[in-house]
Amino acid sequence: MEVRRIGELKAENLKGLITGEMLKNLVMERIKAEKLKSCTAALSIARLNLWIIGVATILLLLGICVVQLRTLSKIMTPRMFTSLSSHQVDVPPERVYESNGYPMVSTNGGLNQMRAGILPMIKRHGIMHFTKSDSRLANNGIAEEVQKLRCRVNYEALRFTTPIEEMGKKIVKLLRQKGPFLALHLRYEMDMLAFSGCTEGCNDTEINELTKMSIQFYIAAENIYGGERRMAAVRSIFPNLIKKETLLPPSDLKPFRKHSNMMAAYGGNMARVVEGHRRYLGFKTTIILDSGLIINLIDEYKNGTMSWGEFSQAVKTGHADRMGSPTRRMEVLGKPKEEDYFYTNPQECLPPFVKKSKSA
């Protein structure tokens with residue numbers, strides 16, 4: 001009996017060992033299955049991420065290619081428009097501006113540009129050098145069709161707004177109704193004196209007796225610095241001084257009073273543009289003042305080395321060929337500011353210049 005019992009105990013222990021071993025194997029198999037499942041899921045997610053990144057990269061490259069092709073097509077597009085007449089010209093393609101590391105500012109950028117773009121540079125360096133701040137085209141060395149386009153834009157297309165243009169016509173009409181007139185642009189406003197530093201004549205003794213003239217003098221300017229005290233000398237020579245305020249009722253000027261740029265349309269000094277426009281209209285007579293000559297002659301007259309008759313004749317002789325007649329525009333290579341301004345003499349838009357011989 002004792003031997004039988006011992007055998008049963010051994011059998012039970014062996015059975016327990018076998019059951020424990022099997023359970024252990026099952027647990028290990030389960031763990032392996034879970035690990036394999038998690039690895040498979042992670043691999044699927046990684047593949048999905050790679051696929052998304054690949055698709056996004058392809059779309060980005062396609063977008064860049066489309067932008068480049070569109071830009072290239074704009075540059076390489078052939079001219080599709082032909083001139084319908086000798087006045088119509090092709091417009092050059094729009095220029096693509098690229099920054100070269102310098103701050104880019106606009107001539108009409110306003111206060112936001114000053115605060116964001118200019119003031120930080122001033123604070124950092126204390127001084128700024130503005131290069132290429134003149135946005136106009138060069139005077140010379142430009143294709144003839146572009147020069148003709150400039151003339152059409154400046155002398156034909158550009159117009160003042162209707163209210164400004166109508167008011168200007170009204171002023172001229174009222175002046176002509178009273179006879180001949182001369183528009184005098186004194187440029188003696190306070191801002192111009194501050195800009196030029198000119199104080200000539202401020203303390204000189206006025207001449208007592210001056211020749212009276214009845215011709216109308218239209219003062220094309222705003223408030224003269226010093227008011228009537230400064231105008232007394234001019235009024236003593238030309239008593240018939242007229243301003244837009246004396247020609248027009250206040251109601252006509254009221255809409256323009258709060259807009260300095262509109263008022264400048266009636267009193268602005270646009271001598272060079274007017275000179276070129278009158279040439280463009282058929283070489284209308286325009287006296288082109290030689291300031292240097294006049295200053296020297298006035299000095300000689302004031303010093304007593306020249307009589308009034310000599311002064312008068314010298315002025316007429318010096319301006320005999322400065323009456324708006326056809327002439328060539330002066331060119332100064334490498335110094336555009338010293339050469340004649342394009343809009344004073346747009347020779348490319350005028351009849352061919354033929355220099356007259358001295359014998360003729």
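The values are calculated or read from the model by the stated rules, or taken from the named source; none is laboratory data. All figures in this text were calculated on a predicted structure; none of them were measured in a lab. All Cβ positions, glycine included, derive from the backbone under ideal geometry; neighbour counts span all protein chains shown.
Spot the failing condition for Gly334; the list is (1) without any contact (Cβ under 8 Å) to a residue 12 or more places away in the chain; (2) over 28 Å from Gln147 (Cβ atoms); (3) among the small types (Gly, Ala, Ser), and only one is missed. Of everything listed in (1) without any contact (Cβ under 8 Å) to a residue 12 or more places away in the chain; (2) over 28 Å from Gln147 (Cβ atoms); (3) among the small types (Gly, Ala, Ser), Gly334 misses just condition (2).
Test Glu275 against the criterion of being surrounded by 12 or more Cβ atoms within 10 Å (Cβ to Cβ), of a type outside the set (Gly, Ala, Ser) and in contact (Cβ under 8 Å) with a residue 40 or more places away in the chain, and give yes or no. So Glu275 fits the description; yes.
A quick yes/no check of all residues on (1) over 30 Å from Thr161 (Cβ atoms); (2) at pLDDT below 90; (3) not in a loop (DSSP other than H, G, I, E, B):
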position: Asp252; (1), (2), (3): no, yes, yes
position: Val273; (1), (2), (3): no, yes, yes
position: Thr286; (1), (2), (3): no, yes, no
position: Thr327; (1), (2), (3): yes, yes, no
position: Met330; (1), (2), (3): yes, yes, no
position: Pro351; (1), (2), (3): yes, yes, no
position: Ser359; (1), (2), (3): yes, yes, no
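Taken over the range 156-191, residues that are surrounded by 15 or more Cβ atoms within 10 Å (Cβ to Cβ), hydroxyl-bearing (Ser, Thr, Tyr) and at pLDDT 85 or above amount to 0.
Sub-8 Å Cβ pairs linking a first residue in the range 238-255 that is touching a residue at least 24 places away in the same chain (Cβ under 8 Å) to a second residue that is in a loop (DSSP other than H, G, I, E, B) and of a type in the set (A, V, I, L, M), at least 6 apart or interchain, are Phe238/Met213; Phe238/Ile215; Pro239/Met213; Asn240/Met213; Asn240/Ile215, ordered by first then second residue.
When you look at Glu300, is it in a helix (DSSP H, G or I), at pLDDT 85 or above and in contact with a Lys or Arg (Cβ under 8 Å, 6 or more places away or on another chain), yes or no? Criteria not met by Glu300. Quick one: is Met262 surrounded by 15 or more Cβ atoms within 10 Å (Cβ to Cβ) and over 34 Å from the mean Cα position of the chain (by Cα)? The answer is no for Met262. If you filter the range 332-349 down to residues that are in a helix (DSSP H, G or I) and crowded, with 16+ Cβ neighbours inside 10 Å, you find that the one that is modelled with the lowest pLDDT is Pro336.
Six or more apart or on different chains, Cβ atoms under 8 Å: show the pairs whose first residue is in the range 281-295 and in contact (Cβ under 8 Å) with a residue 40 or more places away in the chain and surrounded by 10 or more Cβ atoms within 10 Å (Cβ to Cβ) and whose second is in a helix (DSSP H, G or I) and basic (Lys, Arg). If the second residue must be in a helix (DSSP H, G or I) and basic (Lys, Arg), the pairs left are Lys284/Arg278.
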